Each structure stands twice: as structure tokens, then as C-alpha cells.
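*Asks:* One structure follows; several queries about it will come next.
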Amino acid sequence: SQQGEEDPQALSIQEGENATMNCSYKTSINNLQWYRQNSGRGLVHLILIRSNEREKHSGRLRVTLDTSKKSSSLLITASRAADTASYFCATDAQGTYKYIFGTGTRLKVLA
Amino acid sequence: DTGVSQDPRHKITKRGQNVTFRCDPISEHNRLYWYRQTLGQGPEFLTYFQNEAQLEKSRLLSDRFSAERPKGSFSTLEIQRTEQGDSAMYLCASSLITGELFFGEGSRLTVL
């Protein structure tokens, strides 16, 4: 079963716009991670946020975490056509190192 | 290349045959994970190792699936008596204690 659920399932935006995708999860966690996957390829780690952190930045990425609502959001600013990919959140159940992935958001950035 | 490597990249087999996939993690990583992914879905957890110890195996896995990590280095995932429903991408990832997973490019299985 999936621990996380991303929303929306698909998102289409113009180059230069911001893209926001959300992740909800079910159990207490140690940390939450976001990954990107280009079609037919392996996943690439983007950012990790720990349960005691509320916001984290990396380049054009901003991640927030609300443990009271068991949710996270990933914001990609000034999107580029190369950002077209599927994005997944992954969470570990507290006390384990078992990472469970969500269903993903398929982002399409139009040039 | 010092990343995670998986072999073979593609495997086509007939229903009922056994298949084995190999994963070579990044050398200093002590954790190794196997996931299965079908088209349009997120990676589905199968099992993970810390060094040579298999710490958890998904209840979704039937007895036809087995994974090993001898000496805490490379890992193999074997599927016995393959079924068409086993067709998927099998992903391997490794990590240090920090938790960031490094994925290989996957092994795509097609069962005819």
C-alpha cells in the first residue's frame, strides 16, 4: 500500500511559472524526501526534510512540512521544460528505515 | 561510474521461468532497497537490507520472491515461476544512515 498520496496527479504549466505539488502521509515519520523521475529512468533525490524542520530550500526548490497535518508541499519556482518529470514523496515510518513512496505528480512544463 | 548499477537492464521471459536481478550498490552504503514500479505508479516497497541482514519484506511479496545480500555487498532478487503480473520495473537503491536513497536505472521485466 502507498503511505503517501501526491496531489495533483498531473499538472501542466507554462515555462517560467511556479509548480506546487502536495503530499499527504499516514504515520509519524523521521523524515520526508522528494524525488524526481524522468520517463523510463531511475529516481533522483531532490531534497530531504526532517520531522523537526518546517521548511527547506535547495536552489529553485522549496519544501514545507506540517507534521500536525501529515502533509508536505514541493514548490518549483521559475519552471523550465527540463523540469518535466514525475515527482514523488517518500516517508519512513518512525523507528524504521523503510521508505514508502507516494503515487506521484506528473509535471509537464510547456516551452 | 560509482553509482548504483543493475543488471540486466531488460529481461524478457516466458511465464513460469525463473529470473534473477543483480544490484551493485555504492560501495560504502550499508542499506540496500528493492522496489517494484509499474507504469504510472509510484515505487512499491519490496524489501530492504542493512548490511547482510534482511530487515523487512513486504507482505505483498509472495513466496516466489526472494532477495539476498551476501556479505553485505551486492544483492540479488529472484522471482520464481514468473507470472504476467510480475511484469514491472524493478528498482534498487542504496543509502547511508542519512537516508537519501540513490537509485539505479532499474531492471525492466516483461513476462510473456
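*Asks:* Here are B:ASP7, B:ASP1: which of them is over 22 Å from A:GLU6 (Cβ atoms) and at pLDDT 95 or above?
*Replies:* Details: B:ASP1 fails: at pLDDT 95 or above.
Going through B:ASP7, B:ASP1 in turn, just one is over 22 Å from A:GLU6 (Cβ atoms) and at pLDDT 95 or above: B:ASP7.
*Asks:* Same structure again: Which residues, counting only those in segment B:52-64, are out of contact with any Phe, Trp or Tyr (no Cβ under 9 Å at 6 or more places or on another chain) and either among the aromatic types (Phe, Trp, Tyr) or surrounded by fewer than 16 Cβ atoms within 10 Å (Cβ to Cβ) (or both)?
*Replies:* Within segment B:52-64, B:GLU52, B:ALA53, B:ARG59, B:SER62, B:ASP63, B:ARG64 qualify.
*Asks:* Related question: If only one of B:THR82, B:THR76, B:THR98 is of a type in the set (Ser, Thr, Tyr), part of a strand (DSSP E or B), surrounded by fewer than 22 Cβ atoms within 10 Å (Cβ to Cβ) and on the phi < 0 side of the Ramachandran plot, which one is it? If you could, list the steps in order and put the result at the bottom.
*Replies:* Working: B:THR82 fails: part of a strand (DSSP E or B); B:THR98 fails: part of a strand (DSSP E or B).
Result of the check over B:THR82, B:THR76, B:THR98: B:THR76.
*Asks:* If you don't mind, another one. Report every pair of residues separated by at least 6 positions or lying on different chains whose Cβ atoms are under 7 Å apart, first residue within segment A:74-92 and in contact (Cβ under 8 Å) with a residue 24 or more places away in the chain, second part of a helix (DSSP H, G or I).
*Replies:* A:ILE76/A:ASP83
*Asks:* Which residues, counting only those in segment A:13-44, are under 22 Å from B:LEU39 (Cβ atoms), surrounded by 13 or more Cβ atoms within 10 Å (Cβ to Cβ) and not β-branched (Val, Ile, Thr)?
*Replies:* A:MET21, A:CYS23, A:TRP34, A:TYR35, A:ARG36, A:GLN37, A:ARG41, A:GLY42, A:LEU43, listed by residue number.
*Asks:* Within segment B:1-48, which residues are within 14 Å of chain A (Cβ to nearest Cβ), within 17 Å of B:SER87 (Cβ to Cβ) and hydroxyl-bearing (Ser, Thr, Tyr)?
*Replies:* Within segment B:1-48, B:TYR35, B:THR38 qualify.
*Asks:* Tell me whether segment B:54-65 contains one or more residues that are closer than 17 Å to B:ARG108 by Cα, away from chain A (no Cβ under 12 Å) and in contact with a strand residue (DSSP E or B) (Cβ under 8 Å, 6 or more places away or on another chain).
*Replies:* Yes, segment B:54-65 contains at least one residue that is closer than 17 Å to B:ARG108 by Cα, away from chain A (no Cβ under 12 Å) and in contact with a strand residue (DSSP E or B) (Cβ under 8 Å, 6 or more places away or on another chain).
The values are calculated or read from the model by the stated rules, or taken from the named source; none is laboratory data. The shown structure was predicted, so the numbers you read here are calculated from the model rather than taken from an experiment. Please note: Cβ atoms are built from the backbone with ideal geometry, for glycine as well, and neighbour counts cover all protein chains shown.
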